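Student: Provided herewith is a single structure, encoded as structure tokens, for subsequent inquiry.
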Amino acid sequence: MGLCSAYYAQQDGHDVTVIDNQYEGAGSTSTGNAGMIVPSHFVPLAAPGMIQMGLKMLLNPKSPFGFHFPPSVDQLLWTWNFYKAANSTHVEKTETILRDLNLFSRREYEALTEAIGVGFELRKDGLLMLCKKQSTLDHEAKLAQRANQIGVRAKVLSLPELREVETGAQVDVCGAVRFLDDASLTPQNLLSALRDHLTRHGATFVNLQSPTGFGKTKGKLDRVHTQVGDHPFDELVVATGAWSGGMVRSLGLKMPMLAGRGYSMTVEKPPVMPKVCALLAEARVAITPMENGLRIAGTMELGPPSDYVNENRVHGIIESVPQFYPEFSEADMHGEPIWVGNRPCPPDGLPYIGRIKTNPNVIVASGHGMMGLSLGPITGKLVSELLSGRETSLPLNQLDPNRYA
Ligand SMILES: Cc1cc2nc3c(=O)[nH]c(=O)nc-3n(C[C@H](O)[C@H](O)[C@H](O)COP(=O)(O)OP(=O)(O)OC[C@H]3O[C@@H](n4cnc5c(N)ncnc54)[C@H](O)[C@@H]3O)c2cc1C
């Protein structure tokens, strides 16, 4: 969110400084994710059935879902707000904005590829939702039907049809849904390309620094204090991912946020390379062919941001892959370094994009949960429109960062 906001702001003629407490965002969630661009994700995390499914999964230590114990008061409040949002009315109310954000961002990725030129490749093969059980395929087929009704292209594939699409690896499933508008890329290559472009065009990067406070002149925020000095600004964009809740709290706004911790590994030389990125439906694992190997990602453990690796859940991810791709064995993944990321998750599954009421020259660009890679370009564009005082390309009322204040 930070780099995309910086990119679009720079395109609009703003002078940009990026402050990050890591070296070049090394610990950010945006580096090791599954690299999927997902118009298929028009249903928010807060949806009917999610609480029941989560409770069931909690009983299995290898399942893809976890919940930090003991929960803090903030975590309990977040859960209450999630519970209130997890219903069909909320899903109906949010599918249009989620669809529009995703489809807009997908188009914007094409423009970004053209504009930045080299550095990252956009793979436009769509996404496969691989289903082992007929009941899962039936459920996904209903979702595919809804997708087509609202303009997101999806096709249910029988096993022979799937084999014509997935030509890189054998699959042991009963069928799949192919979401044709989805795409994928190698996230770290995108981030490097953005960083290079920003640097070449005059952006300043302040690495390994965190705001230690903020300064005001005549009641208006106008500088960030860091240990290496002050950085003046006209406008501040908070894009600190799962850590954004704490950052805006120091600016007077309560904005509920939990981290959805997940893991990935990148197998440089897999036994076979699947051609199309896929979600293994029952296992909730993502598989993405990338420029540096095959990335395998999964798990959602809700709680405070953390880099703790839960080996049981990593094992759950590893076990699932040979069940869907029989040419793989668990040994192909054992020993690979495990990357940990913290998805910024608001209770209602909608991003926070907009100005904060307590300090109107502060814009939040955060809370994209499972879709942050996907929604980077549209978020950057919306931020730059706010910065420049233009009408935004999409309505922001449902994304208001003040909605829980
Ligand atoms: C396993 C996994 C798989 C995923 N797969 C996908 C996918 O396929 N598609 C998709 O769209 N999304 C995916 N996501 C979600 C996506 O990665 C996130 O939504 C996205 O990376 C969030 O981006 P962000 O810029 O908000 O946060 P981040 O990328 O975490 O960036 C936050 C930045 O703020 C900095 N920062 C934090 N605190 C401070 C501070 N106090 N001072 C200064 N700097 C600070 C951090 O160093 C970091 O650089 C996945 C996530 C996980 C965990």
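Student: Within segment 368-393, how many residues are crowded, with 18+ Cβ neighbours inside 10 Å and assigned to a loop (DSSP other than H, G, I, E, B)?
Tutor: 5
Student: Sort through 194, 198, 190 and tell me the only one that's open to solvent by less than 40 Å² (accessible area, probe 1.4 Å) and closer than 23 Å to residue 285 by Cα.
Tutor: Matching residue, one of 194, 198, 190: 190.
Student: Here are 137, 128: which of them is open to solvent by less than 30 Å² (accessible area, probe 1.4 Å), at negative phi and not in a strand (DSSP E or B)?
Tutor: Of 137, 128, the one residue that is open to solvent by less than 30 Å² (accessible area, probe 1.4 Å), at negative phi and not in a strand (DSSP E or B) is 137.
Student: Could you check segment 222-242 and list, in sequence order, the residues that are open to solvent by less than 30 Å² (accessible area, probe 1.4 Å) and closer than 16 Å to residue 401 by Cα?
Tutor: Selection gives 236, 238, 241, 242.
Student: Could I ask something else about it? Tell me yes or no: at least one residue of segment 83-95 is under 21 Å from residue 146 (Cβ atoms) and within 14 Å of the ligand (Cβ to nearest atom).
Tutor: No, because not a single residue in segment 83-95 is under 21 Å from residue 146 (Cβ atoms) and within 14 Å of the ligand (Cβ to nearest atom).
Student: Looking at 302, 280, 294 in this structure, which one is more than 28 Å from residue 171 (Cα to Cα), open to solvent by less than 30 Å² (accessible area, probe 1.4 Å) and within 16 Å of the ligand (Cβ to nearest atom)?
Tutor: Result of the check over 302, 280, 294: 302.
Student: Can you pull out the strands (runs of 3 or more DSSP E) entirely within segment 199-258 that have at least 1 residues that are away from the ligand (no atom under 11 Å from the Cβ) and farther than 22 Å from residue 389 by Cβ?
Tutor: By residue number, 204-206, 213-217, 220-226, 229-232.
Okay, residues lined up against (1) outside any helix (DSSP H, G or I); (2) modelled with pLDDT under 95; (3) under 30 Å from residue 276 (Cβ atoms):
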| site | (1), (2), (3) |
| --- | --- |
| 29 | yes, no, yes |
| 39 | yes, no, yes |
| 43 | yes, no, yes |
| 53 | no, yes, yes |
| 62 | yes, yes, yes |
| 81 | no, no, no |
| 90 | no, no, no |
| 95 | no, no, yes |
| 100 | no, no, yes |
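Student: Further question: Pairs, please: C-beta under 6 Å, at least 6 apart or cross-chain, first residue over 16 Å from residue 332 (Cβ atoms) and assigned to a strand (DSSP E or B) and in segment 290-318, second aromatic (Phe, Trp, Tyr) and open to solvent by 10 Å² or more (accessible area, probe 1.4 Å)?
Tutor: 300/65; 302/67
Student: So in segment 328-342, with the set limited to residues that are among the acidic types (Asp, Glu) and surrounded by 15 or more Cβ atoms within 10 Å (Cβ to Cβ), which one is farthest from residue 386 (Cα to Cα)?
Tutor: 332
Student: State the number of residues belonging to segment 259-277 that are open to solvent by less than 10 Å² (accessible area, probe 1.4 Å) and part of a strand (DSSP E or B).
Tutor: Selection size over segment 259-277: 8.
Student: Can you tell me which residue in segment 343-367 is farthest from residue 237 (Cα to Cα), limited to those that are near the ligand (Cβ under 8 Å from one of its atoms) and open to solvent by less than 10 Å² (accessible area, probe 1.4 Å)?
Tutor: Restricting to residues being near the ligand (Cβ under 8 Å from one of its atoms) and open to solvent by less than 10 Å² (accessible area, probe 1.4 Å), the top hit is 367.
Student: Here's a follow-up. State the number of residues belonging to segment 176-221 that are of a type in the set (Gly, Ala, Ser), touching a strand residue (DSSP E or B) at 6+ places or on another chain (Cβ under 6 Å) and closer than 30 Å to residue 39 by Cα.
Tutor: 3
Student: Return the pairs, sorted by first residue and then second, in which the second residue is open to solvent by 40 Å² or more (accessible area, probe 1.4 Å), the first residue lies in segment 116-144 and is of a type in the set (A, V, I, L, M), the beta carbons are less than 6 Å apart, and the residues are 6+ apart or on different chains.
Tutor: Going by the 6 Å Cβ cut-off, the qualifying pairs are 128/178; 137/174; 141/156; 144/156.
Student: Just a yes or no: is a residue in segment 86-98 surrounded by 15 or more Cβ atoms within 10 Å (Cβ to Cβ) and closer than 22 Å to residue 324 by Cα?
Tutor: The answer is no, given that none of the residues of segment 86-98 is surrounded by 15 or more Cβ atoms within 10 Å (Cβ to Cβ) and closer than 22 Å to residue 324 by Cα.
Student: Give the residue that is farthest from residue 9 (Cα to Cα), with candidates limited to residues of segment 214-236 that are of a type in the set (Asp, Glu) and over 29 Å from the mean Cα position of the chain (by Cα).
Tutor: So the residue we want is 230.
The values are calculated or read from the model by the stated rules, or taken from the named source; none is laboratory data. Quick caveat, the model's predicted, so the values are computed rather than measured. Cβ coordinates were reconstructed from backbone atoms using ideal geometry, including for glycine residues, and neighbour counts include every protein chain displayed. When the accessible area is computed, the model is the full protein with side chains, heavy atoms only, and any ligands, DNA or RNA have been set aside. Shrake-Rupley method; radii C 1.70, N 1.55, O 1.52, S 1.80 Å.
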